[in-house]
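Participant: Here's a structure for you.
The values are calculated or read from the model by the stated rules, or taken from the named source; none is laboratory data. Since the model is a prediction, treat every value here as computed from it, not as a measurement. Cβ sites come from the backbone with ideal geometry, for glycine too, and all protein chains shown count toward neighbours.
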Amino acid sequence: MNLLLRSIRSLIKNRFAASAVIVLAIVFLVGVFAPLLATYSPTDTAPKDRLLAPGSLHYFGTDELGRDIFSRILYGTRVSVGIALVAILLSALVGTFIGSFSGFIGRWIDQVIMRITDVLLAFPTLVLALALSAALGASIVNAALAIAVVKLPIYMRLARTQALSISQSLYVKSAKTFGVSSGWVVRKHVVPNLLTPIVVQITLDIGDAILLIATLGFLGLGAQPPTAEWGAMISTGWNYLIDQWWYPTFTGAAIFITVMAFNIVGDGVRDLLDPKSGE
């Protein structure tokens, strides 16, 4: 607990990281309280109000169906950020356990898992995510699964590397000598010692996951209409960029600010928990 408090204080001393933390806190609050903050329903259409410029009634203007863009951005926070968090946490959880057992047990199991990891890493992240999303079908759930699979080998390899090192430590060898099962050793010794590098990787991956969700949505492979999702909103708003600049601009700004905040916090957490990475 003392280490956690010292870490939080050190992170706050970093002005950029502290500002980013505040931004992320606002983003999370917006996602949670979107129904209370939104001035209109994100799905109700009003053809007579289509493509209105920003004003007192519609802070960010309206889209081609007369829907309030401000309200859709607020609700889109739930989808874009929420799905990205779920995808990364799922990938980290599964990848950590697979990689831990792979590195700790070794033998042919390790070889098979690492060859699968190599195959997945051979594909560019976006290309693999697009292929998986297209194969599974266009939906926000399938997009989340695709991103989880794409990020999976990163956590598998990271966990395996750490597990190989930890398995050679004296306390693990002592546990093996007393006949303790491999599963118990992995749960009690290997996984807890993996938390620091895994947490660092998670903070660095969330921003990338938000961009992937937005990209899949932009290409029609993510959330489907009338769901408010940032990438899908930009995909439609792009057609109105010249005359109705507010349509894609405010949504793009939401993505930019959120991803930048996550990246800055991720860098701060990495420097804090893994000082050697900054050398």
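Participant: What pairs come out if I take residues in the range 24-51 that are closer than 26 Å to LEU241 by Cβ and among the charged types (D, E, K, R) and pair them with residues that are at pLDDT 90 or above and not in a loop (DSSP other than H, G, I, E, B) whose C-beta lies under 8 Å away, six or more apart or interchain?
Facilitator: Partner pairs satisfying both residue conditions: ASP49/THR62; ARG50/THR62.
Participant: Scan GLY217, GLY207 and give me the residue that is part of a helix (DSSP H, G or I), within 22 Å of LEU152 (Cβ to Cβ) and in contact with a Gly (Cβ under 6 Å, 6 or more places away or on another chain).
Facilitator: It is GLY217.
Participant: What's the number of the only condition in (1) crowded, with 16+ Cβ neighbours inside 10 Å; (2) among the aliphatic types (A, V, I, L, M); (3) within 19 Å of the chain's Cα centre (by Cα) that MET260 fails to meet?
Facilitator: (1)
Participant: Would you call ALA148 farther than 16 Å from PHE250 by Cα and not in a loop (DSSP other than H, G, I, E, B)?
Facilitator: In short, yes.
Participant: Still on this structure: Among the candidates LEU132, LEU136, LEU152, single out the residue that is without any contact (Cβ under 8 Å) to a residue 12 or more places away in the chain and touching a helix residue (DSSP H, G or I) at 6+ places or on another chain (Cβ under 6 Å).
Facilitator: None of the other options fit; the residue is LEU136.
Participant: So which of ALA122, ALA138 ends up being within 21 Å of ALA214 (Cβ to Cβ) and at pLDDT 85 or above?
Facilitator: ALA138
Participant: Being under 19 Å from ILE26 (Cβ atoms) and either charged (D, E, K, R) or without any contact (Cβ under 8 Å) to a residue 60 or more places away in the chain (or both), is that true of even one residue in the range 242-254?
Facilitator: Checked against the condition, which is being under 19 Å from ILE26 (Cβ atoms) and either charged (D, E, K, R) or without any contact (Cβ under 8 Å) to a residue 60 or more places away in the chain (or both), the range 242-254 yields at least one hit.
Participant: Pull up the range 42-61, narrow it to residues that are under 23 Å from GLN224 (Cα atoms) and touching a Ser or Thr at 6+ places or on another chain (Cβ under 7 Å), then point me to the one that is surrounded by the most Cβ atoms within 10 Å (Cβ to Cβ).
Facilitator: Per the criteria, the residue is PRO42.
Participant: Another question about this same structure. From (1) at pLDDT 90 or above; (2) surrounded by fewer than 21 Cβ atoms within 10 Å (Cβ to Cβ); (3) closer than 25 Å to THR43 by Cβ, pick out the condition that doesn't hold for TRP246.
Facilitator: (2)
Participant: Within the bounds of the range 101-108, is there any residue that is within 30 Å of THR43 (Cα to Cα) and either aromatic (Phe, Trp, Tyr) or in contact (Cβ under 8 Å) with a residue 60 or more places away in the chain (or both)?
Facilitator: The answer is no; no qualifying residue exists.
Participant: Okay, next question. Keeping to the range 62-107, report how many residues are surrounded by fewer than 22 Cβ atoms within 10 Å (Cβ to Cβ) and assigned to a loop (DSSP other than H, G, I, E, B).
Facilitator: 4
Participant: Also, quick follow-up: I'm checking my understanding of the structure. Among residues of the range 108-147 that are closer than 17 Å to LEU93 by Cβ and surrounded by 22 or more Cβ atoms within 10 Å (Cβ to Cβ), which one is farthest from the chain's Cα centre (by Cα)?
Facilitator: Selected residue: ALA146.
Participant: Collect the residues in the range 11-40 that are surrounded by fewer than 16 Cβ atoms within 10 Å (Cβ to Cβ) and either touching a Pro at 6+ places or on another chain (Cβ under 7 Å) or not β-branched (Val, Ile, Thr) (or both), keeping them in residue-number order.
Facilitator: Passing the criteria: LYS13, ARG15, PHE16, ALA18, SER19, ALA25, PHE28, LEU29, PHE33, PRO35, LEU36, LEU37.
Participant: On to the next question. Would you call ILE206 buried (at least 21 other Cβ atoms within 10 Å of the Cβ) and free of Cβ contacts under 8 Å to residues at least 24 places away in the same chain?
Facilitator: No, not satisfied.
Participant: Criterion first (modelled with pLDDT under 90, buried (at least 24 other Cβ atoms within 10 Å of the Cβ) and either aromatic (Phe, Trp, Tyr) or under 20 Å from LEU126 (Cβ atoms) (or both)) does ALA223 satisfy it?
Facilitator: yes
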